[in-house]
1. Can you tell me which of (1) out of contact with any strand residue (DSSP E or B) (no Cβ under 8 Å at 6 or more places or on another chain); (2) farther than 30 Å from Ala139 by Cβ; (3) of a type outside the set (Phe, Trp, Tyr) is the one His198 doesn't meet?
2. Quickly run through the stretch 194-216 and pick out the residues that are on the phi < 0 side of the Ramachandran plot and not in a helix (DSSP H, G or I).
3. Out of the residues in the stretch 102-123 that are assigned to a loop (DSSP other than H, G, I, E, B) and within 13 Å of the chain's Cα centre (by Cα), state the one that is farthest from Ser144 (Cα to Cα).
4. Which condition does Ser99 not pass, out of (1) of a type in the set (Gly, Ala, Ser); (2) at negative phi; (3) in a loop (DSSP other than H, G, I, E, B), if it passes all the others?
5. Can you work out which of the residues in the stretch 161-209 that are β-branched (Val, Ile, Thr) and in contact (Cβ under 8 Å) with a residue 60 or more places away in the chain is surrounded by the fewest Cβ atoms within 10 Å (Cβ to Cβ)?
6. How many of the residues making up the stretch 51-95 are of a type in the set (Ser, Thr, Tyr) and either over 16 Å from the mean Cα position of the chain (by Cα) or assigned by TED's automatic domain parsing to the domain that holds Tyr138 (or both)?
7. I'd like the residue in the stretch 83-94 that is surrounded by 11 or more Cβ atoms within 10 Å (Cβ to Cβ) and modelled with pLDDT of 90 or more and, out of all such residues, is farthest from Phe54 (Cα to Cα).
8. For the list (1) at pLDDT 90 or above; (2) within 23 Å of the chain's Cα centre (by Cα), I need the number of the one condition that Asn150 fails.
Amino acid sequence: MSRNSSRPANVEQLKAAADESETIAAGETVTDSHFSVPQHLSSGTITRHVAVDFSGSLSEFADSPSLCSWSPTELSIFQSRTRYAPNCAKSDFRQGNLSSAILIGMKVKKVESTIPCPIGLTISGCKGNFYTGNGSRYAYVVGSNEQSHNLDKIVATTNPYVNSEYLRLYPGMTAENLKTQGIMEVPNENYVFVDYQHPIVEMMQENQDVLQVDLKNAKLIDNRK
């Protein structure tokens, strides 16, 4: 039994409720409270519930190991229409750079199995904490004929790396785009223009004496380079 409180909600509570309702209505769900999301990532964090199905007998699995693996055919399920970039407008389609996506946490919400023996489950990005006697490691071990409709088992926790100062200062900057994003080449010249917010600028500032450069008095072009 529950009871509604007669205490009036304050402005902050009403705003929080409105933000949550808008998020859910837009097809997003709020992040699980068991996972730690730093402030600089909170505006772009989303939750996805994924249904995974494996069908076949033990002999079929042995003959065709591909039956035991699963991956999404549509990666846009991990993108968003409302949180694909900081302070972004709602989009008509899901978007976002998945190469810079960060796994905050993962759960196995429920399990239904008709396999008459334990099955080890491995998940990319999740080391897990289930071991067998031969040293094999799994994200989760599904029991014989397991029927766990309210499992809600955490299999991946938040990596401390999400609190990295680099992620806060340079969101979306990865090893793959470090040499191209914020850098403009000049045709037939041996120099390039670099955005003042690029990580290399901070590195040069910290090593001005060694590099013999004076960035403090360097002029910006278009207030950016």
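1. Just one mismatch for His198, condition (1).
2. Initial filter on the stretch 194-216 (on the phi < 0 side of the Ramachandran plot): 194-211, 213-216.
Those that are on the phi < 0 side of the Ramachandran plot and not in a helix (DSSP H, G or I): Val194, Asp195, Tyr196, Gln197, His198, Asn207, Val213, Asp214, Leu215, Lys216.
3. Of the residues in the stretch 102-123, the ones assigned to a loop (DSSP other than H, G, I, E, B) are 102-105, 109-110, 113-118, 122.
From the residues that got through so far, the ones that are within 13 Å of the chain's Cα centre (by Cα) too are 102-105.
Working: Ile102: 33, Leu103: 30, Ile104: 30, Gly105: 26 Å.
That would be Ile102.
4. (3)
5. From the stretch 161-209, those β-branched (Val, Ile, Thr) are 162, 174, 180, 183, 186, 192, 194, 200-201; that's our starting set.
Okay, now just the ones that are also in contact (Cβ under 8 Å) with a residue 60 or more places away in the chain, so 162, 174.
Working: Val162: 19, Thr174: 11.
Among them, the one singled out is Thr174.
6. So the first thing to find is which residues in the stretch 51-95 are of a type in the set (Ser, Thr, Tyr), and the list is 55, 57, 59, 64, 66, 69, 71, 73, 76, 80, 82, 84, 91.
Applying the additional criterion that residues be either over 16 Å from the mean Cα position of the chain (by Cα) or assigned by TED's automatic domain parsing to the domain that holds Tyr138 (or both) yields 55, 57, 59, 64, 66, 69, 71, 73, 91.
Result for the stretch 51-95: 9.
7. Applying the first criterion (surrounded by 11 or more Cβ atoms within 10 Å (Cβ to Cβ)) to the stretch 83-94 yields 83-85, 88, 90-91, 94.
Okay, now just the ones that are also modelled with pLDDT of 90 or more, so 90-91, 94.
Working: Lys90: 35, Ser91: 34, Arg94: 27 Å.
Going through the qualifying residues, I end up with Lys90.
8. Asn150 satisfies every listed condition except (2).
The values are calculated or read from the model by the stated rules, or taken from the named source; none is laboratory data. These figures come from a predicted structure and were not determined experimentally. With ideal geometry, Cβ positions are generated from the backbone for all residues, glycine too; neighbour counts draw on all protein chains shown.
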